[in-house]
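Notes follow the structure.
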Amino acid sequence: MNKSLYFGTGVAVVTPFTADLKVDFKSLRNLIHYLIDSDIRYLVAMGTTAESPTISVEEKKEIFDCFVETVDGRVPLIMGLGGNDTMALQRALQQVDATGFSAILSVSPYYNRPTQEGIYQHYKALDAVTPLPLILYNVPGRTSSNINAETTLRIAHDCTNVIGIKDAGGDLEQGKAILDGRPDDFIVLSGDDETAIPLIQSGAEGVISVLAGGFPRFFSKAVAAALEGDENKANEIATLAQPIIDLLFVEGNPGGIKTVLHQRGLIENQLRLPLVPVSDSVTSKLRTYVNQYD
């Protein structure tokens, strides 16, 4: 496994919709080109930011095909494929066409609220059938179930097909514990824009970002500086980024980032219910930053 595939800034890509809420493939292709041309290192298709819970199996297949065709091998692609029914997810992994993707990002089971042992057994079961390397996705704000450092390290050492974690818990102490105990080839990626820079400064390989989806060059400079050991530059940009991050998430993701991309002329500002666009107040404040940073 080549760890360098996931160094630096990756983006969890939104799903653009037309006014009648069909998947807007033209805008999706344009968005993919925009992100690659803005030096984003790799892309995640069908992560949380893509509104995956409201997208059908048939639509997901079309979206995956669109990513593969449009990217055309220029950057690594990660497929989002998770669930809270382990047996059903095993079947999905055995049936999915993973051609063109380099890894699968699989969220920790949500709603069921499994124990740490249940989380471990879930990933052990996926490890046995996955067609591609697996990246754990810990996002307790959505799953109500944190993958703690001990469980992460147990999975990392026991499951040969699990190559890393996207940790969106925002807990730097937990992240550092994982970094301290991980196998040499286990990747740690931040899934939380607010704590991404300090986690990278502690040894993480990079970030799967929401912010970089709308401000790709701006945030990538901070990530690159952190990886290169330029703490002053990284911290300076992180400080400038903080009010943008606050606005992006204050009324929920991906409402904020979709507004930014709409302001950049890349997509329509459409979300599928139960999600709705952000308020006029947040929209106005975001426009100031869109005009200021790329």
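The values are calculated or read from the model by the stated rules, or taken from the named source; none is laboratory data. In this text the structure is predicted, and so the values were computed from the model without any measurement. FYI the Cβ positions are ideal-geometry reconstructions off the backbone, even for glycines, and counts take in every protein chain you see.
Brief remarks on what is shown
- Contact map, region 140-155: first residue of a type in the set (D, E, K, R), second residue crowded, with 19+ Cβ neighbours inside 10 Å, Cβ cut-off under 9 Å, separation 6 or more or different chains; pairs are R142/T48; R142/V107; R142/A168; R154/Y120.
- Taking (1) in contact (Cβ under 8 Å) with a residue 60 or more places away in the chain; (2) in contact with a helix residue (DSSP H, G or I) (Cβ under 7 Å, 6 or more places away or on another chain) in turn, R182 satisfies each apart from (1).
- The set of residues in region 78-98 being more than 20 Å from Y120 (Cβ to Cβ) and either in contact with a His (Cβ under 9 Å, 6 or more places away or on another chain) or charged (D, E, K, R) (or both) consists of R91, D97.
- For region 23-41, filtered to residues that are of a type in the set (A, V, I, L, M, F, W, C) and farther than 19 Å from L271 by Cβ, the residue that is surrounded by the fewest Cβ atoms within 10 Å (Cβ to Cβ) is I36.
- Filter pass, D158 being closer than 20 Å to F64 by Cβ, surrounded by fewer than 22 Cβ atoms within 10 Å (Cβ to Cβ), among the acidic types (D, E) and at pLDDT 95 or above: no
- Restricting attention to region 2-32 and to residues that are hydrophobic (A, V, I, L, M, F, W, C), assigned to a loop (DSSP other than H, G, I, E, B) and within 19 Å of the chain's Cα centre (by Cα), the residue that is farthest from G73 (Cα to Cα) turns out to be V14.
- Qualifying residue in region 64-83 (condition: without any contact (Cβ under 8 Å) to a residue 24 or more places away in the chain and over 25 Å from F25 (Cβ atoms)): no
- Scanning region 127-185 for residues that are assigned to a loop (DSSP other than H, G, I, E, B), more than 21 Å from Y6 (Cα to Cα) and among the hydroxyl-bearing types (S, T, Y) gives S144, S145.
- Each residue in region 196-249 was checked for being β-branched (V, I, T), in a helix (DSSP H, G or I) and either under 18 Å from V11 (Cβ atoms) or touching a residue at least 60 places away in the same chain (Cβ under 8 Å) (or both), and 6 of them qualify.
- Pairs with Cβ under 7 Å, 6+ apart, first in region 33-52 and in a strand (DSSP E or B), second among the small types (G, A, S) and at pLDDT 95 or above: Y42/G10; L43/G10; V44/G10; V44/A12; V44/G80; A45/G80
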